[in-house]
Amino acid sequence: MDPFIQERRDIVRDIVREAGLLALDYFQRRHELVISLKGRQDWLTEADGAVETFLRQKIGQAFPNDQIVGEEQGGTGGDAMWIADPIDGTANFARGDRQWCVSLGFARHGVPEIGFIFAPAQDEFYEAVRGAGATMNDQPIRVAPTHDIRHAVIELGWSPRRPTGDYLALIGRTMEAGATVKRSASGALGMAHVANSRTDGYGEVHINSWDVLAGLVIAREAGALINDFCSGPWVTEGNPILCVTPGIAKDLEKVFEPRVELQT
Ligand code: LIP
């Protein structure tokens, strides 16, 4: 493994663990927190800001020349950038649902290289380095062997960033194709669950870079096919995402809009 990547993986892994435990402490005290809405169904808690500040301080100390982008404090990135969602699944966090995580990815020259997704309330730590496989709690993970869309479970993410009608139409097409559909309100964990075969695909008509960069590495290393998310102004503007186990990739590609091409 490239020493530039390995030292980052080794040092930042521990930083993500500490960030997750900080977030878990806030989660256990959530009744004391100031919880607000950034917009329709777009939740924000004190934990989001505190965890992102922690990540920025620790990564900045360890790798002062790396750039950092975060959901709450912004940034534009660069050739060696960390992209963080301090609490992905904030709506769940705010309501006491354990389906939330700290998501942190690293990209070099626009290529996703390292992914960490830590769901501390569920004691699940996902990680991957490009070319070195994906694990959950240090055990290798792989996508599901599903080959029949009529046996598939697909998660479709939603946010108010796109018309609700587009979402409902996508649900309809996906179910018409034979799959069952779910939503768990954390894009990062949605990608991680494809990687460990709890679902067969994750799709969202628009998602932000901080939600998916870590999951791009983890799911691809677990064998998923994914569209070219890192195109255009992806870091600051986001893109559609489609992440699928190979056996039903063509079935899902056909029903997904906007049209995307899955990459091997
Ligand atoms: C979440 C995203 C997810 C979306 C959720 C929510 P947040 O991010 O990861 O893709 O479907 O509605 O936006 O706001 O919890 O960090």
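The values are calculated or read from the model by the stated rules, or taken from the named source; none is laboratory data. Fair warning: this is a prediction, and the values are worked out from it, not measured in the lab. Cβ atoms come from the backbone with ideal geometry, glycine included; neighbour counts cover every protein chain shown. The accessibility values were calculated without ligands, DNA or RNA, using every heavy atom of the protein model including side chains. Shrake-Rupley method; radii C 1.70, N 1.55, O 1.52, S 1.80 Å.
Per-structure values
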| item | result |
| --- | --- |
| Answer from G203, G178, G172 - the residue that is modelled with pLDDT of 95 or more and assigned to a strand (DSSP E or B) | G203 |
| Answer from A128, A119 - the residue that is closer than 17 Å to D48 by Cβ and surrounded by 24 or more Cβ atoms within 10 Å (Cβ to Cβ) | A119 |
| Candidates A219, A169, A192, A188 - the one that is touching a residue at least 40 places away in the same chain (Cβ under 8 Å) and open to solvent by 10 Å² or more (accessible area, probe 1.4 Å) | A169 |
| Any chance R162 is open to solvent by 60 Å² or more (accessible area, probe 1.4 Å), touching a residue at least 24 places away in the same chain (Cβ under 8 Å) and either among the small types (G, A, S) or closer than 24 Å to I35 by Cβ (or both) | no |
| Filter pass, W82 being aromatic (F, W, Y) and either open to solvent by less than 10 Å² (accessible area, probe 1.4 Å) or outside the structural domain of F125 (by TED's automatic domain parsing) (or both) | yes |
| Top-ranked residue in segment 49-76 [being open to solvent by 60 Å² or more (accessible area, probe 1.4 Å) and free of Cβ contacts under 8 Å to residues at least 12 places away in the same chain; ranked as nearest to the chain's Cα centre (by Cα)] | Q57 |
| Number of positions in segment 229-243 that are over 19 Å from P140 (Cβ atoms) and open to solvent by less than 20 Å² (accessible area, probe 1.4 Å) | 6 |
| Residue match in segment 95-103 (condition: surrounded by fewer than 21 Cβ atoms within 10 Å (Cβ to Cβ) and of a type in the set (A, V, I, L, M)) | no |
| Yes/no for I226 being assigned to a helix (DSSP H, G or I) and buried (at least 19 other Cβ atoms within 10 Å of the Cβ) | no |
| Residue list for segment 129-169, filter: part of a strand (DSSP E or B) and either within 16 Å of the ligand (Cβ to nearest atom) or at pLDDT below 95 (or both) | I154, E155, L156 |
| Filtered residues of segment 65-96 (kept if assigned to a loop (DSSP other than H, G, I, E, B) and within 11 Å of the ligand (Cβ to nearest atom)) | E71, E72, G89 |
| Number of positions in segment 18-48 that are loosely packed, with under 15 Cβ neighbours inside 10 Å, more than 13 Å from the ligand (Cβ to nearest atom) and either at pLDDT below 90 or not aliphatic (A, V, I, L, M) (or both) | 6 |
| Tally of residues being under 12 Å from F93 (Cβ atoms) and of a type in the set (A, V, I, L, M, F, W, C) across segment 13-34 | 4 |
